[in-house]
Amino acid sequence: MRPHNLLGTALLTTALLSGCSFNAGYNSTYLPPAGITTKIDENILIVMSEQEQDWVYSGNPASFTGGGTTLTMPLGNITKQIALEVFSRRFASADAAVELPANGAYRIVVNPRVSRFEYAYNQLKNIGFAITPEVQLDLDVKLFDAGGAQVLAKTYESGIRSGDSYMVSGSPAEKINQAMHRALFALMEQAADDTVAALDGLPARTAASVTAPTPPAADSDR
């Protein structure tokens, strides 16, 4: 590409990230394809309060590029959807509810929450001629046993995760959104690994609880 064309592209890229507001949401196509694995014969409950599910992030990037823009996304709902996807791939089933169950139908309950999210449009990395979307987030996860006792509390940190660099995009927020989905999915997989380990230390199911529990009616939508 000729120098003047590169300059024009750089200016256009910067212009598209000037003083705009962007919205993004859950997109299952941003997640890795499901592999062929043997599922663990266990029913998992994802518990998130209404407040946790309804949390909407809205903020500016950490970078100079796009500093005048605002990104708004329902991070609470995205966290819930990715949790359901990850745990349903690993276990026999994954249900959702807004509070801990009282009947002890689940041997283990997972409460995930994104406690930190930052993003940036890194243009310096590409000498100004392309943008690399970057995200950084922390995922707090608590695990509870059938009696409601906490068995794990852990924060998973992504560090800076980069998405695919691009020259020009009419939807720069979706580049951030895609990178965020991938980073959160990877952290949720780590949480699923720890859930498997935690199950090894919990009492086995009794004969009365072998039948899969009925999914909670309080939060049946996915």
Do you know which residues across the range 71-102 are without any contact (Cβ under 8 Å) to a residue 60 or more places away in the chain, surrounded by fewer than 19 Cβ atoms within 10 Å (Cβ to Cβ) and of a type in the set (A, V, I, L, M)? LEU100, ALA102
Could you count how many residues in the range 119-134 are surrounded by fewer than 17 Cβ atoms within 10 Å (Cβ to Cβ) and modelled with pLDDT of 95 or more? 0
Reported set for the range 26-40 where residues are free of Cβ contacts under 8 Å to residues at least 12 places away in the same chain and in a helix (DSSP H, G or I) is THR29
When you check PRO172 against the structure, is it over 20 Å from the mean Cα position of the chain (by Cα) and modelled with pLDDT under 95, yes or no? no
Can you name every residue in the range 175-222 that is surrounded by 16 or more Cβ atoms within 10 Å (Cβ to Cβ), small (Gly, Ala, Ser) and at pLDDT below 90? SER209
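Which residues, counting only those in the range 41-66, are assigned to a loop (DSSP other than H, G, I, E, B) and over 21 Å from SER115 (Cβ atoms)? First the steps, then the outcome.
Start the filter on the range 41-66 by keeping residues that are assigned to a loop (DSSP other than H, G, I, E, B), which leaves 48-49, 54-56, 60-66.
Of everything in the range 41-66, those that are assigned to a loop (DSSP other than H, G, I, E, B) and over 21 Å from SER115 (Cβ atoms) turn out to be SER63, PHE64, THR65, GLY66.
The values are calculated or read from the model by the stated rules, or taken from the named source; none is laboratory data. A quick note: this is a predicted structure, and the numbers were derived from the prediction, not measured. Cβ sites come from the backbone with ideal geometry, for glycine too, and all protein chains shown count toward neighbours.
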